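Remarks on the structure that follows.
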Amino acid sequence: MAVRRPREIERFTLLEEAGALPGRHAADLGHRHAGCVRSRAKYGKFVGRHCQDDLVVITAAASSMNCNLYLVSRMMFSLARSGYAPSSWGRVSSRGTPVRALLVSAAGLCLAMLTSFLYPQSAFVYLFGISLFGGLYAWLVIFVTHLFFRRRRAGRWSPARMLGSALGSASIVAILLTTWWVEGMRIALIAGVSWLAVLTVAYIMINRRRRVLSPAS
């Protein structure tokens, strides 16, 4: 006789797990892990498989979080050393660790967790939309930079060689624009463009201040 899958197990998919990780739902995954052995004895192999899925998803999320924690720390440290962030973030401990930059990165992580607790139904979509804009914009800058680099390097415009970068740039712009009509993804343009405007203004102000403070040549 085949083992009948419980209704709650049928509704529980890997995609739902990934979407539910932020916030209080991550704690629910932890509670399910605690009962994996008992649940497997009761329902059979199906629950065991989903417990393994939980473990894979949580491990992947923890790995990604750890990677971004140190990536942002390094970025804050570099910006501070270049004069585009508070200079205190560029200081290191006696062991050579940029502790303050790491704390700033951790503060951002805590802010994301707080957002997921306060808005559990929409936090994941908003955070995903914002990160989507960052990733696509980074690739857009790479393509555009390559176009101008090859033009200056070669001394003349070569449409055949630039076709790939041109198509890539156009595709990314099209994807970014279409997020406006995707439910929940509009935040990608709203937050992304607003943040770019803030960074642009900050960059102009910092450079203007540098020119004022620099000695006349």
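The values are calculated or read from the model by the stated rules, or taken from the named source; none is laboratory data. Just so you know, these numbers come straight off a predicted model, no measurement behind them. Neighbour counts run over all protein chains shown; Cβ positions are idealised from the backbone, glycine included.
Annotations
- Hits in the stretch 88-108 (condition: out of contact with any helix residue (DSSP H, G or I) (no Cβ under 6 Å at 6 or more places or on another chain) and in a helix (DSSP H, G or I)): Val99, Leu103, Ala106, Ala107, Gly108
Table: residues versus (1) at pLDDT below 85; (2) surrounded by 14 or more Cβ atoms within 10 Å (Cβ to Cβ); (3) not acidic (Asp, Glu).
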{"site": "Trp89", "(1), (2), (3)": "no, yes, yes"}
{"site": "Ala101", "(1), (2), (3)": "no, yes, yes"}
{"site": "Cys110", "(1), (2), (3)": "no, no, yes"}
{"site": "Phe124", "(1), (2), (3)": "yes, yes, yes"}
{"site": "Leu127", "(1), (2), (3)": "yes, yes, yes"}
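- Sole residue being touching a Lys or Arg at 6+ places or on another chain (Cβ under 6 Å) and assigned to a helix (DSSP H, G or I), chosen from Trp180, Trp195: Trp180
- Pair list, Cβ < 6 Å and 6+ apart or interchain, from the stretch 162-190 residues that are loosely packed, with under 12 Cβ neighbours inside 10 Å to residues that are not in a helix (DSSP H, G or I): none
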